[in-house]
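Input: a single structure, listed below in structure tokens.
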Amino acid sequence: MIKNDIVRLTIESITGEGAGVGRHDGMVVFVPFAAVGDVLDVRIVKSGKSFCYGKIENIITPSADRTDPDCPAFGKCGGCAFRHLNSGAELKAREEIIRSAFTRIGGLEPEFLPIIGNPAPDGYRNKAQYPVGRDKDGNIVCGFYASRSHRIVPCGSCKLEQPVFAEIRRAVLEMCTEYKISPYCEESHSGVLRHICIRRGHYSGEINIVLVVRRNVPELKKLAHRLMKRFPDIRGVVADINKEKTNVIYGSDDITLAGVPEITDTMLGRKFVISPKSFYQVNTPMAEKLYAEAAKLAQAEGKTLIDLYCGIGTVGLSVASDTTKLIGVEIVPDAVENARRNAEINGCDNAEFYCGDAGEVTSLLRAKDIRADVVTVDPARKGCDTATLDNIVSFAPERIVMISCDPATAARDCRYLSGHGYRAVSVRGVDMFSRTIHAECLILLERV
């Protein structure tokens, strides 16, 4: 097969990247936005020696798993990969992604427990980050990057976000036009406004706005005060200065333009203070289910718990209500300050938090001959480094409870731990990021 060939095939499975898998004359063809059971005419867009990439030209026979995506941006923005699947098919695909990662990448055979579904797959995001630029007519726009690109797909509203987010975005763009605050241009590294970042407490309703800018300009303060007047739930507006020519969203310097930078919210009945750059799960109701399940697995009552990549303390403080001691480790300074305040607010006087790289801090804890009965770990998508995993083993915990938003790196890390005295007992998916390809999972490992 060569580029632009059109072939007919049946979709047999879904990859970890969300693409359908079909075969034609022995060649594997990956097709985005396909469903298992689809019979499709597919145009080949890229051809390799043993596999090809294609796009749907015509749906000859639709799969029973298909549903109406009900979004004009579907297939254009880089967000929803599974919006064309009904809820049962989406959960099945997510379970298969997790199972495949642990059996294929990890070489492990834990018990795969049923996925925890999301009863509200739309409107769940409590945080979103929107790149800003100009359209072909020169108008200021914001939206989402198209898949595998930095081309902005304008979006009036997104079904995953909370409705007020779209209203705030429109207000910011209107005020930028009025105040002549120019959007950032990536090619020329010019302009001012790079991203609009919005976070809202699920239960509190409190909102924080971060305007990521290349440089501060006086008009930003005027804009901030007008925003707070127009939207009373906004607690504060922050300018984050990012002068670098980079695709990293945030810079290193923050200026509070109006109000206060933090918001508060509750999770599992506990109150949390959240600063703008601190990690906080984007789906609060599903995070509550995740952390409640983690607490059951940890069995941390009367024990010492080390919580790695602890963020603002949500995992540790949710799990550690009856622990003898809680030790949290996090690299983001603002998050560590939040964690200390959150421990105090929630009456947890047996907690201490360290700021630094997980591998380096755990090495310091090892040097103090600190042991742990239980370790919880919730790393970023890239997973844990070897130093951190080695130090976890040295703590000799009875149990390790791992939370991961990337089954592939989780499986890799569990394989390493399985070679160092631990056994992956169970894995459970949690539908934290409905409609997207991302798959959250919860893993229990026990010392052999």
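Below, the figures for the structure above:
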quantity: Full-stretch length increase - THR246, GLU398 - with 0.36 nm per residue and alpha-carbon distance subtracted; calculated: 50.5 nm
quantity: Debye equation applied to the C-alpha atoms of the stretch 1-66, log10 I(q)/I(0) at 0.29 Å⁻¹; calculated: -1.35
quantity: Across LYS271/LYS382; LYS325/LYS382; LYS180/LYS229, pairs whose alpha-carbon gap is larger than 25 Å; calculated: LYS271/LYS382; LYS325/LYS382
quantity: Descending semi-axes in Å of the stretch 256-359, equivalent ellipsoid built from Cα gyration tensor; calculated: 22, 16, 12
quantity: Leading residue at positive end of dipole, the chain (Cβ point charges), from PRO110, ALA335, TYR291; calculated: ALA335
quantity: Considering only the chain, percent of DSSP beta bridges that pair antiparallel, nearest 5; calculated: 65
quantity: Loop-located trypsin sites (Lys or Arg not before Pro) in the stretch 1-105, at most 14 other Cβ atoms within 10 Å (DSSP); calculated: LYS3, LYS49
quantity: Share of alpha-carbon pairs per 10 Å distance bin for the stretch 170-328, given as whole %; calculated: 10, 33, 27, 19, 9, 2
quantity: Length gained when the stretch ALA292-ASN139 is fully extended (0.36 nm per residue, less Cα-Cα span); calculated: 50.4 nm
quantity: Backbone N within the stretch 26-42 under 13 Å of label point (7 Å from ARG8 Cα along the Cβ vector); calculated: 39-42
quantity: Sparse-neighbour loop sites [GluC sites (Glu not before Pro); the stretch 318-415; at most 16 other C-beta within 10 Å; DSSP]; calculated: GLU398
quantity: Cα-based Kirkwood hydrodynamic radius, the stretch 60-156, one decimal, Å; calculated: 16.3
quantity: Difference of contour (0.36 nm per residue) and Cα-Cα distance, ARG447 to THR264; calculated: 62.1 nm
quantity: Stokes-Einstein translational diffusion, the stretch 246-294 - Kirkwood Rh over all Cα pairs, 0.692 mPa s, 37 °C, in µm²/s; calculated: 251
quantity: GluC sites (Glu not before Pro) lying in DSSP loop within the stretch 138-201, provided at most 12 other Cβ fall within 10 Å; calculated: GLU187
quantity: 21 Å Cα-Cα reach of LYS92 towards lysines, excluding residues that sit fewer than 8 places from it in its own chain; calculated: LYS289
quantity: Overall dimensions of the chain by Cα: Rg and Dmax, Å; calculated: 23.2, 66
quantity: Residue-averaged [θ]222 nm for the chain, counting only DSSP H segments that reach four residues, each worth -39500 (n - 2.57); calculated: -7500 deg cm²/dmol
quantity: Using a Förster distance of 41 Å, the FRET efficiency for CYS185-GLU344 (Cβ separation, nearest 0.05); calculated: 0.35
quantity: Rounded to the nearest 20 debye, dipole of the chain from Cβ charges on Lys, Arg, Asp, Glu; calculated: 1060
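Each value in this text was obtained by applying a stated rule to the coordinates, not by laboratory testing. These figures come from a predicted structure and were not determined experimentally. Counting neighbours? That spans all protein chains shown, and the Cβs are built from the backbone with ideal geometry, glycine included.
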